[in-house]
Structures are given as structure tokens and as C-alpha cells.
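The values are calculated or read from the model by the stated rules, or taken from the named source; none is laboratory data. Just so it is clear, the structure is predicted and the values come from calculations on it, not from any experiment. Quick reminder, even Gly has a Cβ in these numbers, built from the backbone with ideal geometry, and neighbours come from all protein chains shown. Just the protein is used for accessible areas: all its heavy atoms, side chains included, with ligands, DNA and RNA removed. Shrake-Rupley method; radii C 1.70, N 1.55, O 1.52, S 1.80 Å.
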Protein chains: 2
Amino acid sequence: MMSRLCQTLWLCAPARAKYFAVQYTPNVRCKVPTTEAPQSDGLQRLLPISVLTISMNKVSEGVNDNKLSIAYYREKTEELGKAVLHLTAVEISLDVDADRDGVVEKNNPNKGSWKWGPSGHGAILLVNCDSESTYMKKVDSSTDKVTKVSDLLDMSRMVLRTNGPAELPQGYKLALQISQSDGESIRVFKKRKPEGAMKSLHKIFSMFVKEFPLVLGNDVLSQEVPYVGGSNEVDFFVEGLRFPDKDFGGLVTINLSLLEPSAQDFPETPIFTDKVVFRVAPWIMTPNTLKPVEVFVCSTSDNNKFLKEIKALVEGSGYKLNICKEYMNRGDRWMQDELEFGYIDAPHQHFPVVLDSPRDGKLQNFPYEVLLGPDFGYVTRMASDEKVTSLDSFGNLEVSPPVTVNGRAYPLGRIIIGVAFPTTSQGRNMTKVVQDFLWAQKVQQPIALYSDWLVVGHVDEFMTFVPAPDRKGFRLLLASPDAGYKLFHRLQNEGYGKAKQFDGKKHEITLDELLSDKALRAENLYVQNCIDWNRDVLKRELGLDDEDIIDLPILFKILEDNRAAAYYPDMVNMIVLGNKLGIPKPFGPKVNGRCALEAEMCSLMVPLGLSCTFIDDFASYHKLLGEVHCGSNVRREPFKTKWWSLEL
Amino acid sequence: MMSRLCQTLWLCAPARAKYFAVQYTPNVRCKVPTTEAPQSDGLQRLLPISVLTISMNKVSEGVNDNKLSIAYYREKTEELGKAVLHLTAVEISLDVDADRDGVVEKNNPNKGSWKWGPSGHGAILLVNCDSESTYMKKVDSSTDKVTKVSDLLDMSRMVLRTNGPAELPQGYKLALQISQSDGESIRVFKKRKPEGAMKSLHKIFSMFVKEFPLVLGNDVLSQEVPYVGGSNEVDFFVEGLRFPDKDFGGLVTINLSLLEPSAQDFPETPIFTDKVVFRVAPWIMTPNTLKPVEVFVCSTSDNNKFLKEIKALVEGSGYKLNICKEYMNRGDRWMQDELEFGYIDAPHQHFPVVLDSPRDGKLQNFPYEVLLGPDFGYVTRMASDEKVTSLDSFGNLEVSPPVTVNGRAYPLGRIIIGVAFPTTSQGRNMTKVVQDFLWAQKVQQPIALYSDWLVVGHVDEFMTFVPAPDRKGFRLLLASPDAGYKLFHRLQNEGYGKAKQFDGKKHEITLDELLSDKALRAENLYVQNCIDWNRDVLKRELGLDDEDIIDLPILFKILEDNRAAAYYPDMVNMIVLGNKLGIPKPFGPKVNGRCALEAEMCSLMVPLGLSCTFIDDFASYHKLLGEVHCGSNVRREPFKTKWWSLEL
């Protein structure tokens, strides 16, 4: 290693030595920081603090090809003896992409630590949670082998750079080490062959595995690595095994040591250690304001009309529609609830990752069996001793667009979940394992709303975000019974009291009847209270003004356990595809032949440049207590903002 | 609460309303931020964004004693109707000592968050880990009762300040809430009686407990608290239950909500929430540079001479000596190893806290049975499925004096522990539960040294810190076989080759013999390598220069498993009491009647203003592989620097 060596002269000096003189070969540099100038005869006074600082300006061509000798003198003419240091200079550096540009630079001074922010540093690791195979697939990180060349792209390259003589001095060796806890978080593979020899190997599986042997992992915390003479690079590939979570902050350290042999059978001792630090990339969610890539819905025996309409919207908007067939969904239509799309990102690679909910309805195999694949990752959290409730469905897991709150920026937005009020002693909650996972990702600090007032209990039943050209770039849409009653009162005043909500359907009811239903009014006052609470939390935690919020005319009804559900199709539970909204068709009272609820909705959305398509989900979703959003899912493009540039 | 109310006029307006006018009682303030100026007739145009911002400049004297009415107009002369708001202004504030001056100020704007540093803020909580009783004692936090007045001093005061009418409007109430996880970390007690009525109650236990009922805890996450009319304060006392650890960052939140009744049987909804945040104080260790308070040693059947000498040193230095008697220590003399003294600190209270080691030798009952008491806390960590080794003894747990490393200050020093090298696949380690605890305290970020090369495996076998008047205020002392050989060679050269190490003892050996023992030399070269590794780590992690380190002439011997122990009494394993050092008597070769090792030690220490007392621990400690430090423990004064002033 090209570091400096400090030699305390006093300890090696013969007894009675009073002066010393130093001589060395041309490649050696030596500094004696005594307070006195050297004597005229080149001798220096030996003091207890005399320390030689020795370095070399060139790596050695052979072992011990440089020397430094110290002659000790009692008096200036009486030499007592000579100490000779045999020096071998070797350059050793364990390198990673600490400056996050996708290239493994040489010996970055910051490689041993990790710092957030645009002027931060520190290498990044992905959890290798995709599957290179599509047949008999499993998550790549579940095996300790490299099975395909493409798998290496999901790992972080690490390079051992050495420069020195053909061999290390007798008995010296290099070794990589990790701690036991890091052994649960990473694996390291080594590339056996130099670049040239590799090219013919890509075809043959068994040979390939041998070309990338496991160096470090859970069962191998330390391993010798070869020293190759001359100027040389050995490639390693580091694989992340687990996401940040309650018990794992995300940082891992890999050490490289040069070990010195000891006399007899004593263990070797390291005389130089280099260290690199990685942070495992967090799982990141994508808000409605990001560009869609593909849409997922289920096909069931009874949702043909819905499918047709959603297909027209999605494909008409230019996005890909994926239909999960009945043999896979087994009648479970709640595509929103079984999974959440997100992604992981590093300077060298990024890909989508699905978070599989502990909900586990009949759609439970879909995320693993259909979504997992090459460059499509999979992660889940299982509730062990906790009860899974409806609040664990991912209609109850959303994310805001980027916001700034009291000067603090959240450039990737904030995760939003629904839980029980702390004021109620009993209540349903999202499982702790999932909450812990979400909080541990750190870059989209979650907000807990109160959603347990709803029968189904999902935040998407009363809120969503749509893009907007002005202000903060979005609006928060909230369901609002007050807005609903206001609209209906206006219509009544305008003489449309006989117009019917649910016109032509079984439960049709005139506005006059609806507005005179005191129980319904009381229920909606309570619901408005619940939503207002969430409105306050959202304003505070997202830094919103009233002008950033739009109240949608939506009424609720209390069903079982004093819990609520949308009375007519819940327009806020929409799918957002760029500036196109797919909104549950509300079947509101008709005014001049047009649904007044649709008209109101359009009048609120169109000024923002958004177009409204109303989709009939009445029989196949609404009656089952869900709507368009519950029955669909959208994979979106990742943020352009890099998570490591956040100031945390 | 004296917050602002925003009323969206549009939602309450009758249909067809185009103008509105506002009237209100004198204590009401109202702002209509429309873009237009009011019309000449006092009417304003009703716009979808018309929002009234309403506040009150005085608390109410009665329920609904203020009103605000909004008259809506279709045309300027055609009034459509009136909406009337009945207003009750109540001032509500949940208060803590967020500015850390020992006083609970009113409504600190920062009370809801926590920030490190001298300009930081946020209230502080102590783990109530002492015992107010000395008889049948247990740690106070193990019961959910307040048993003595003095116990309240260990808790943090929290005040509910209200100002308003004699009663809240019908059905409204106040409630405190905590989350489930915070329920594991804190309890809240309420003071039932106002100050005056309290005074006579101090004597009677059963009455006392009733006067401070439990309000919040693990089984009560939410509870109504009384509203008392007029200007009023209700005192609460918050008790910390657990130290920061791997699964607990140290922050807890208490919410106060004003709950609004709902129609029918719906749950109440909060319409105002105040929030306070506490951080649980960390456990802090005290380095050798802090002033001693008392010294602890064990009395055994064979250590009379040692006791006499240590007594002379400790009491001669003006400190208190506590001798743990045989019935308690049952022959276990390793007072250093069973426990570590530390303390916890808040603006309102501080006291020492003993960390009980999972070692659990025959001294295991001493920390709980003898040390725990009023204002003397106790904490321990039990290893569940891990093997406890000799590295779990707290001779292997030390702390440096304050240091600054590359510009980063550690004003409370850094904890130092010894572990196995990562290069060895097998090795002993300190248990994870203790390591996790130490790291989680955060304010003395630990350093892991390599101590597994020693038979006993404790860092105090090769290092200690002594105060110094210059440089960084201390020196690091390191055992140094090189320094030992250098001294012995000099003595040999000066003609003392026949002087004997261990003179007069069974294993006496001349310097000539010792210096010709090649196996011993090889062993000590290996030991020097091991110490040099630790020296490099200490230099780097504590920001030390070579001039901050003093090498003590100490030789080691390899015993079992290639592991080492001190050859003669290990002088670095000393007790540091201010500027007085109690050093194991080394029984070195005599030169002119004086022990050369003692002379060398004095020549190194005396220039720093330190005095050396050599204590004979040969038979009773050294032969059992320990020395003075292993056999003693010192409780010291806390740092003057407050932990919350650290910039973390």
C-alpha cells in the first residue's frame, strides 16, 4: 500500500545511542520531524520522540528491492550498530463507485463512508430481487450463484486494484472480510478470468457459474483473494440481499486487509486495511403525477363492460393494458390491493419492484408468478403473529407527489397509509411488518391517516392526487359529503328535486327524498368530520393550502360497525393516466339529460387540463365496495430525481 | 384552542347565492381574502374560493358566547338565508420543557419536534431505572404506580394548560393518546389534586398512589383528561421505561386531542390536536479524566495486602472506598468485569446508572442488590441465544476522553470495546445485545478494537487513558513489548544482565536469560503486531498523533490457544484517580536497589504531573490473569457537557 510508515527510532535504538543517521535507496522518501536541524556531519540527535516518516514514490519491482538503514552512534565517531529496513512498496486499493457516476473510480477518498445529498458520496447496492429466469423462476438473491451474465448487471462492481512486484513478500496475503450482520445483507462474487478469456463462456451455464465463484456471504465472512503481480485489476460483484428495514439501516462495509504472517502458528495480523461502504437502495413508490407505463386489471366473469371501457381509456391514451385472466385471479378483482408498484435505483441499474401485500387474496400468486422476472423485482413482508386486516390491502398505501413542508423538501413525495385513530382503544391497523418496511425506506417518509372509519378502510376511498399545471404541480382531491349536499341542494333549488340519483337502477331515489333523509345527513356529517381530520393532517404534513385541495361531491353511507362506504360510485377512487382520468360513473341525477355529478366533476377537472372518462363499475365493483382505482393498478416511470441526492 | 378556523363559504351557501355579508360579535376576528374589494353596500361577491379565516382575540366566558353570521344574497337586495356559527374559544396547550431549562414553558413552538445541538430543542425523559425503596426494592419503572413523592423527580413534568369557559360545549372532551410502540417506552401519571391539597398527603402511601393515577401506559393508549374551567393547569408526570436500543430510537410522542361528539353512536372525531415529543436520555460512560466519586473493590480470603494498599491510595486521595464483602462476592474479585458505571442526565434530574454485564459471575447480584437504590439506576442486557464469553466482561468496555476527529467533535468521548478480528473465521465477541445497546446510545459512538488475541480478551489489558496537562488533555497508554525489550536490552548493555525479573519469586529469571529466550521474543513480536493494529485504529478513530501515545514496557506470554497474557504484572491495567495512579507492581529487575520497570514508569508519568503508586497484586490478581484495574471500579462525576448539546 502506498501509505506512510512511521518508525519510532527510540524503540529500535541500541542502548546508549545518542545520534543517528539515515540512508536509503532512491525510491524511498524519508522525513525526520525533529525540532533540531541536522548537525553538520549529517548526524541527528536521537530523542524519545524521533519518528521517521517513510514513504515510497514508486511501487517495487521485486520483493524488498528498497532499503533504509539507520546507523546509531554513541558519540559522533562511535557507531554502535545499524538497523536495516527492507521495503516492498505495493499499491492496493479496493474500489467502488463512490461518486455515483456509474464508473468505479480509483481510490476515492470518500469510499469508506456514505453521505446523502447532491454533494454526498458513497456507493450504492441493489437488492437482487428480480429473476433472470422466466421458467422455474426464483428471486436471484435466493441462490448463492451467478447463473447468467445479465445477473451481474444487477450487482455493484467492486475492483481490487493492485500494483507491485510479481509476488507479495513470503507469507503475506490479501483477504476480504465482512461482519456477521453484513453477511445477512450482501454476497460478493469474484470474476475468475480476465476479460479476454470470458467472451467464449457466455453460453455454457455450468462453466459460467464457476467463472464467478462466491467470495463472501453468510457462511464465508472472510476469504483470501489472489494477489496478481504488476498493475492489475480483479473484478468483484456485490449483491444486495435485503432491503432496509427496522433491523437493518441499509449500510454495509467490506474490508480488504493485507495480512502479515506471524512467527510460529500465531494468527496473521493485518498491517493495512482498506474499506468500502455501500448503501442498499430503498424501495420507492411512484405518485399519480409520474408518467404511466402499463396498467393492470383483472378479467372476471362479470366485468366485461368495465374491461371494455378501461381498455378504451388505457389504449386510447397510448399505454399498455395487461389483463390478469381468471385462472390466475380466481375471481379476485382487486388488483390495487394485492400489490404496489415501486422501483429501485442505482447509478448502474434500475428496475421496477413489486411489493406484495400480506393481504393474500386469491390474486396472491400474481405478483410472484406473473410480475417477477428479468429486471422486475419482487419483495414482500409476511405478518407472523399479527392479524392481517383489510387495512393491509394496498388501496390503503399511496404516495403524494413531491412536496416541500416548512422548508423541508420531499422530492420523492411522502407515502400515505391509513390506520386507526389513537383515540379508539380498538381498531384495525396496517401490520407492523409492512409499516416498519415503509418507514425504513426513509426517502418517502410516511404519513399515517385515519382510514378505519371506512368499512373497507382504504385511503383511496376518500383521496387521490391529480396533476395540475399550476401551484405545486398537483391537486389533492378529497371526497366531500358537504360538497355533495351543496350540489344536491342547489339542484333542488333549481327545480330538479324530482331528478333521481341511481336513475333507472334498483335503488333510485329523488333528490327531494335523499335530502329529506335525516339519518343519511347525520351519517355524512360524521363522515365529513372524519375526512376533515385527514384533510388537516394532509395540509400539515404535505404543506398544502386550501387552494391545493378540491372537494368532490361524494356521499357516504354507514354500513356495519358504524363504518362507512361510498353511497354512489366513489368518484375520487379514480385511475390517473397523465391528464386522463378514469372515474367511476356516479349515476347522478340528470339535468338537461346530463348527469349533474359528472358535470360537476368535469367543471372541477377540466380547468386543470384534465379530461374525465366515466367508467361504469357499478355492478362489478361499486356494489362489492370498490371502484375503478381498487380494481386497477398502474406501473409508472421512476422519478428523475435520484434518491441519493436527498438531504436526509 | 386559539387556532384559526377556515370556513369555505361556497359549501354552506344556498344554491344561487351570488353575494354574502358577514357580521360577528366583538371578540371575533374575521378575514375574507378575496381578490376583490367589498362592494359599497358591504356585500361581497361569493366565489368558489371564498374562505373566511376566523379567529378570536379572547377566550370565551361561556359556551357559544360568540357568533358569526353570514347572510347570502342572490341579488344585492334578495337575501336567500343566513348561516350562523356559534363560537366558543378555548385555549389549550400541552406543554413540556422543550427549551431544556428545567421549566415547563407555555406552548413552545418547537415542542412537537426534537433537534440536537446547542441551538436545538425538544424535551427530555429519563428511564426511571432507580429504586425509591431500599427495602424489597425493584426498579421503579417496573411498577405502574407512583409510590413516593421523590419518584416524581425522576419523571418529566408535562402540563395541560387550558383557559376558557367553565365547561366545554356539550359532548366535547379532551383526551391524551400515545401509539402502541410508545406505550412500551413511557407511562404518564396525572396529579389529581391541585397544589394546596397535596401538602398533607406525603406521609400516607395508599392515599399517595391514588393522588397520581396512571393515565397512559402499555394497556391504556388513550384516556380522557378533565377540562377544568377558567385559566387552569393540570400536571402530568412522564416516566421513561426503556433505553434507546436497536429497536427503539429514543423518541416518543404524546398527543392531546379535543374530541367533537358525533351524531348517533359514531365515534368522536378530533378537531384539534396538540403534540409533544420527548427523547429518552442515553446511558453515558465516564472516562478516566473525570473526577472520581467512589471506588469499589472486593474483599476475598487472600487479598488482604492488596486491599490495604488500595485503601491507602484511595482514601489518601480523598475518595470513598467501598469494599464488597465475601458473602456478596462469593470469591469473585473482578469488580471491573461485572458492571460499568454510567449516568443519565436531563435538565431536571440526573443520577448514576450501573450497566450490569451479561457476564454473571459470582458477583452477579452486586449491581442490583447493592448499587440500585434511590437516585442510583440499574440497567442490564441479557444474552438470549448467544454464548456469553470473557469478552462480555466490562474490563472489555472502556471510554475515551473527549476527542475531535477530522473536525468531528466527540465531547463525551467514544466507547471502546474489544472484539474478534474479522479475518479470523472463528473468534470470541461481545454479545450482540450489549453491542446494540452501546451503539444505540449514540452520544459516545463506539470503536471496536481487536482484543481476542488475549486469553482474557479485555481491552484494559493493553490500553488505558491518563489525564495530561497539555495537548488533548490526556495520553493514551499502550502496553508495548518493544518498549519492554528496549528497556531490558539497555539494562543488559549497562551491565545489569544478572538482575532478575520476579526477583525472589518462584519464577525469577535474569535479564540475560530472558533476553536469550527466542520463543518469548517471537511471542512478543506477535503481540506487538496485535497491539500495533489497535494503535492504528485508535489513532484513526480518536484522531491521535504519535505524541499522544505513551508506550509502556510490558511483555506478554502466549498461553493456551495461541492467546496472550501479561508476563509480569501488567502496568497499563491501572486505576486512575485524578492525578494519582494505582499501578500493578511489576517486580522488575533491580538497579541500584530500585525496580527498573517502576523507575521507567515513573519517568514517563511524572512529567505529566501524575504520581505512581505501585500496588502488589501479584498473588491475588496477576496470577489469576487480572490486575488492579480488573479488580476495581470507579464511579465518576458526570460530564459538564450536556449530551443534548451534541451535534448528531
Next item on the list: Return the tail of the calculated pair distribution for chain B, meaning the percent of Cα-Cα pairs more than 49 Å apart.
Entry: 33 percent
Notebook entry, point to check: Among A:TYR72, A:TYR135, what's the order by accessible area (1.4 angstrom probe), most exposed first?
Noted result: A:TYR135, A:TYR72
Checklist line | Dimensionless Rg/Rh of segment B:345-462 - Kirkwood Rh, Rg from C-alpha atoms | finding: 0.99
Check: By DSSP, what percent of the beta bridges with both residues in chain A are antiparallel, rounded to the nearest 5?
Finding: 80 percent
Notebook entry, point to check: Per the 1.4 Å probe, what fraction of the accessible area of the protein assembly as shown, in percent, lies on carbon and sulfur atoms?
Noted result: 49 percent
Notebook entry, point to check: Could you give the dipole magnitude of segment B:47-115 about its Cα centre, charging the beta-carbon of Lys and Arg +1 and that of Asp and Glu -1, in debye to the nearest 20?
Noted result: 240 debye
Notebook entry, point to check: Nearest-5 percent of antiparallel DSSP beta bridges in the protein assembly as shown?
Noted result: 80 percent
Checklist line | Residues of segment A:360-379 with amide N under 13 Å of the 7 Å Cα→Cβ point at A:LYS137 | finding: A:366-379
Notebook entry, point to check: Got the B:ARG29 label distances to the other copies yet, label 7 Å along Cα→Cβ, in nm, shortest first?
Noted result: 6.9
Next item on the list: Using only the C-alpha atoms of segment B:243-365, find the volume of their convex hull and express it per residue in Å³.
Entry: 180 Å³
Item checked: Copies compared at B:VAL103 - label distances in nm, ascending, label defined 7 Å from Cα in the Cβ direction -> 6.1
Check: Which residues make up the longest stretch of chain B that has no GluC sites (Glu not before Pro) in a DSSP loop with at most 16 other Cβ atoms within 10 Å?
Finding: B:185-385
Notebook entry, point to check: Averaged over all directions, how much area does the convex hull of the C-alpha atoms of the protein assembly as shown cover when projected, in nm²?
Noted result: 58.3 nm²
Check: Rounded to the nearest whole Å², what accessible area per residue is found for chain A with the 1.4 Å probe?
Finding: 40 Å²
Notebook entry, point to check: Between A:PHE237 and residues 5 or more places away or on another chain, which pairs have amide H atoms under 5 Å apart, with H built 1.01 Å from N, and which residues are they?
Noted result: A:MET158, A:PHE189, A:LYS190, A:LYS191
Note to self: Roughly how far apart, in whole Å, are the Cα centres of segment A:73-126 and segment B:365-403?
What the structure shows: 37 Å
Margin query: Taking 2.2 N^0.38 Å as the expected size of a compact globular protein, what ratio does the Cα radius of gyration of segment B:589-629 give against it, to two decimals?
Written below: 1.34
Note to self: Roughly how large is the B-A contact in terms of buried accessible area, totalled over both chains, probe 1.4 Å, nearest 100 Å²?
What the structure shows: 4200 Å²
Note to self: Just to be sure I understand the interface: list residues from segment A:207-245 that lose 20 Å² or more of accessible area between the chain on its own and the complete protein assembly, 1.4 Å probe.
What the structure shows: A:SER222
Margin query: With a cut-off of 8 Å between alpha carbons and a minimum separation of six or more residues, what is the relative contact order of segment A:212-285 in percent?
Written below: 27 percent
Checklist line | B:PHE272-B:LYS325 FRET efficiency (beta carbon distance; Förster radius 60 Å; 0.05 resolution) | finding: 0.50
Note to self: Contact order normalised by length for segment B:327-384, with contacts defined as Cα pairs under 8 Å and 6 or more residues apart; what percent is it?
What the structure shows: 35 percent
Check: What FRET efficiency would be calculated for the residue pair A:MET382, A:ASP219, taking the C-beta separation as r and a Förster radius of 22 Å, to the nearest 0.05?
Finding: 0.35
Next item on the list: State, as an integer percentage, the relative contact order of chain A based on alpha-carbon contacts under 8 Å between residues 6 or more apart.
Entry: 12 percent
Margin query: About the Cα centre, and with charges only on the beta carbon of Lys, Arg (+1) and Asp, Glu (-1), how big is the dipole of chain B? Nearest 20 debye, please.
Written below: 1020 debye
Checklist line | Extension gain, A:GLN180 back to A:ASP144 (0.36 nm per residue minus Cα-Cα distance, nm) | finding: 11.3 nm
Item checked: Separation of the B:SER55 and A:ARG242 label points, Cα + 7 Å toward Cβ, nm -> 5.0 nm
Note to self: Rounded, prolate or oblate, given the Cα gyration tensor of segment A:377-434, with a/c below 1.5 counting as rounded?
What the structure shows: oblate
Next item on the list: Just flag the trypsin sites (Lys or Arg not before Pro) in segment A:423-518 sitting in loop per DSSP whose Cβ has no more than 14 other Cβ atoms within 10 Å.
Entry: A:ARG471, A:LYS498, A:LYS505, A:LYS506
Next item on the list: Keeping to pairs on different chains or 8 or more places apart, tell me how many lysine pairs in segment A:106-165 have Cα atoms under 29 Å apart.
Entry: 8
Next item on the list: Keeping to pairs on different chains or 8 or more places apart, tell me how many lysine pairs in segment B:297-432 have Cα atoms under 30 Å apart.
Entry: 15
Next item on the list: Considering the convex hull of the alpha carbon atoms of segment B:267-313, report its projected area averaged over all viewing directions, in nm², one decimal.
Entry: 8.7 nm²
Next item on the list: Considering the rotation that carries chain B onto chain A, locate the chain B residue whose Cβ comes closest to its axis and report the distance in whole Å.
Entry: B:ASP247, 4
Check: Hey, what number do you get for chain B at 222 nm if only DSSP H runs of n ≥ 4 count, each worth -39500 (n - 2.57), divided across all residues, to the nearest 500?
Finding: -4500 deg cm²/dmol
Notebook entry, point to check: Within segment B:555-629, what percent of beta bridges assigned by DSSP are antiparallel, to the nearest 5?
Noted result: 60 percent
Check: Across the Cα atoms of segment A:284-421, what radius of gyration and what greatest pairwise Cα-Cα distance (Dmax) are found, in Å?
Finding: 16.3, 51
Note to self: 7 Å along Cα→Cβ for the label point: how many nanometres lie between A:THR641 and each equivalent label in the other copies, listed shortest first?
What the structure shows: 3.5
Next item on the list: Evaluate the charge dipole of segment A:281-353 about its Cα centre and quote only its size in Debye, nearest 20, assuming +1 on the Cβ of each Lys and Arg and -1 on the Cβ of each Asp and Glu.
Entry: 260 debye
Notebook entry, point to check: Which of A:ASN108, A:LEU126, A:VAL90 sits farthest toward the positive end of the charge dipole of segment A:71-166, with +1 on the Cβ of Lys and Arg and -1 on the Cβ of Asp and Glu?
Noted result: A:VAL90
